[in-house]
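The structure appears below as structure tokens.
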Amino acid sequence: MSTAEHHESNQAEEMIRVDFDDRVMIITLTRPNALNALCKKLIMQLNSALDQAENDTRIGVIVITGAGQAFAAGADISEMKNLTFAEVAEKDFIQPWERLSRCQKPVIAAINGYALGGGCEMAMMCDIIYASETAQFGQPEITIGTMPGAGGTQRLTALVGKSKAMELCLTGRKIPAQEAEAMGLVTRIFAGADLMKETMATAHKIAKFSAPVVRMIKEAVNNVAEVPLVAGIRSERRLFQSTFALEDRKEGMTAFLEKRPAAFKNR
Ligand code: CAA
């Protein structure tokens, strides 16, 4: 096979794998040889899997993880190397990455290794971040002459505060999972062998609750970053009141008082 043909066949390659386990969609980034670097094609495939999950009422929760040594080592540097400012501005480069942050269904990131640059930013777009004890996080863009461009300066600062975010973005220092957890970036840490088991246990647990209630809780929590406190509190109260329009709310409270498990119908 010629180099050109080899390149062609790589273009046709699947960059992600999608698996289903009951009401959970598991998206695995499958470019381990490039540490799951986030190339344009991978992001397109990821976005179409997210669209599929959002449109399928059988899916309650999405899990994203990486194959091999990394969750993702950032945007694809070889793809970016020769781009000009005019090109990236004209195409609004990186903008499609934001799709993940607009998911209405909960997304759990299972970080098995490096989550660097765009990989860390992608993790921060998720709702819950579980990490293996050998995972590493960081925003190393400065070391390659650029800066975070998929929300890193904003979401990291919101999660860990200004001085820690500033230090990470200005030095490019990689931090271990333990430090990332202590600073509030990571939700929980597990031994590598337990990461997916624990991730799936949480995913299944959430997916069994009433889907409309899950959606309302996600919306209310996300309001913190988007609206002032008074508006957020008012919106939360309205969302709470809206749960009284659901059969699931009545069922949940009735089941509690009848000392039996609730049977939610997602309506
Ligand atoms: N883009 C493209 N290829 C990458 C990559 C990336 N972000 N990260 C790793 N790779 C490739 C390497 O080029 C290498 O490929 P070859 O085998 O063909 O040479 C392969 O993955 C394995 O990588 P290394 O040999 O470097 O592995 P290592 O174990 O020695 O080091 C690492 C691991 C420290 C994570 C190192 O790969 C690294 O520093 N990667 C780049 C991290 C980075 O700078 N990320 C930020 C990207 S910019 C960005 O993300 C912008 C944004 O905000 C959206």
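Quick notes on this one:
- When region 92-142 is filtered for residues that are part of a loop (DSSP other than H, G, I, E, B), more than 16 Å from the ligand (Cβ to nearest atom), out of contact with any Leu (no Cβ under 9 Å at 6 or more places or on another chain) and among the hydrophobic types (A, V, I, L, M, F, W, C), nothing remains.
- One residue stands out in region 66-91 among those that are away from the ligand (no atom under 11 Å from the Cβ) and in contact (Cβ under 8 Å) with a residue 24 or more places away in the chain: the one that is farthest from the chain's Cα centre (by Cα), namely ALA67.
- The number of residues in region 71-91 that are surrounded by fewer than 18 Cβ atoms within 10 Å (Cβ to Cβ) and in a loop (DSSP other than H, G, I, E, B) comes to 5.
- When region 26-38 is filtered for residues that are in a loop (DSSP other than H, G, I, E, B) and either within 8 Å of the ligand (Cβ to nearest atom) or crowded, with 22+ Cβ neighbours inside 10 Å (or both), the ones remaining, listed by number, are ARG31, LEU35, ASN36, ALA37.
- First in region 128-145 and in contact (Cβ under 8 Å) with a residue 24 or more places away in the chain, second anywhere and near the ligand (Cβ under 8 Å from one of its atoms) and among the basic types (Lys, Arg), Cβ under 9 Å, 6 or more apart: GLN136/LYS174; PHE137/LYS174; GLY138/LYS174; PRO140/LYS174
Just so you know, all these numbers are worked out from the coordinates, no wet-lab data involved. Everything quoted here is computed from the prediction, not taken from an experiment. In this analysis, Cβ positions are derived from the backbone assuming ideal geometry, glycine residues included, and neighbour counts consider all displayed protein chains.
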